[in-house]
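Novice: Provided herewith is a single structure, encoded as structure tokens, for subsequent inquiry.
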Amino acid sequence: MINAITQKPVAVACDHGGRSLAKALLARLEENKIPFEFYGTHTDDSCDYPDFAALVTDAITSGKAELGILVCGTGIGMSIAANKVHGIRAAVCGDTFSAEMTRRHNNANVLCLGQRVTGEGLALKIADIFLETPFEGGRHAKRVEKLEA
Ligand code: RB5
């Protein structure tokens, strides 16, 4: 069991390239009794990742969610799209150390995963760590403030 640092539902979305990992991720969240909102995509039809990134970033900027997870083939397209939005700090992670550090130091609020790059077991572990690691604040707070300025 993991304890997520947020009480709000985790906002999750994927494109067609991330659908099977997203499904596994939703099952993991359910298993851990972590509330989530899934914004699609709901079919295997080819679709455009910026549209789904926007649904998750909207959920965060509107205050419905504090943390989001986006899955595409590489995680990169989703991260580029998400980082266009003020207030969003999205990180593509392919290892657990980066997932921990991007929460501790960058206060990342969106995790991006690449289904075609990262194996499912590792990706789920990365998501666990992302969801349970707090921001350290302190000297990192002013750096994050500069990102937002
Ligand atoms: C879709 O084929 C693929 O381009 C997309 O999932 C993602 O990897 C983009 O960055």
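Each reported figure results from applying straightforward, stated rules to the coordinates on display, with no laboratory input. None of these values were measured; they are calculated from a predicted model. All Cβ positions, even for glycine, are placed from backbone atoms using ideal geometry, and neighbour counts span all protein chains on display.
Novice: What are the ³J(HN,Hα) values, in whole Hz, obtained from phi via the Karplus relation 6.51 cos²θ - 1.76 cosθ + 1.60 with θ = phi - 60°, for each residue of segment 76-86 in sequence order, with x given for Gly and Pro?
Specialist: 6, x, 4, 5, 4, 5, 5, 6, 6, 9, 4
Novice: Taking one equal scatterer on every alpha-carbon of the chain, how large is log10 of I(q)/I(0) by Debye at q = 0.14, 0.17 1/Å?
Specialist: Results for the chain at q = 0.14, 0.17 Å⁻¹ read -0.57, -0.86.
Novice: I've got another one for you. Calculate for the chain the 222 nm mean residue ellipticity that helices alone would give, adding -39,500 (n - 2.57) per DSSP H run of length 4 or more and normalising by residue count, nearest 500 deg cm²/dmol. Intermediate values should be presented prior to the final figure.
Specialist: Details: 6 runs with 65 residues, N = 149.
Result for the chain, helices only: -13000 deg cm²/dmol.
Novice: Please rank Met78, Met1, Met101, fewest neighbouring Cβ atoms within 10 Å first, as an exposure proxy.
Specialist: Met1, Met101, Met78
Novice: Which whole-number percent is the relative contact order of segment 67-141 (Cα, under 8 Å, 6+ apart)? Could the numbers behind the result be given before it?
Specialist: On the way: 127 pairs, mean separation 28.2, N = 75.
Relative contact order, segment 67-141: 38 percent.
Novice: Taking the highest mean first, how do the peptides 52-62, 108-118 order by number of other beta carbon atoms within 10 angstrom per residue?
Specialist: 108-118, 52-62
Novice: Only counting other Cβ atoms within 10 Å, I'd like Ile88, Ile76 sorted with the fewest neighbours first. Walk me through the intermediate numbers first.
Specialist: Working: Ile88 19, Ile76 14.
Ranked by crowding around the Cβ, least crowded first: Ile76, Ile88.
Novice: Please tell me the relative contact order of the chain in percent, rounded to the nearest whole number, where contacts are Cα pairs under 8 Å and at least six residues apart. Before the final figure, lay out the partial values.
Specialist: Values: 294 pairs, mean separation 38.6, N = 149.
Result for the chain is 26 percent.
Novice: List the residues, sorted by chain then number, that are 5 or more residues from Val10 or on another chain and whose placed amide H is less than 5 Å from its amide H.
Specialist: Phe36, Glu37
Novice: Within the set Lys23/Lys142; Lys64/Lys84; Lys33/Lys142; Lys33/Lys146, which residue pairs have Cα atoms separated by over 25 Å?
Specialist: On the way: Lys23/Lys142 36 Å; Lys64/Lys84 19 Å; Lys33/Lys142 33 Å; Lys33/Lys146 35 Å.
Over 25 Å apart, Cα to Cα: Lys23/Lys142; Lys33/Lys142; Lys33/Lys146.
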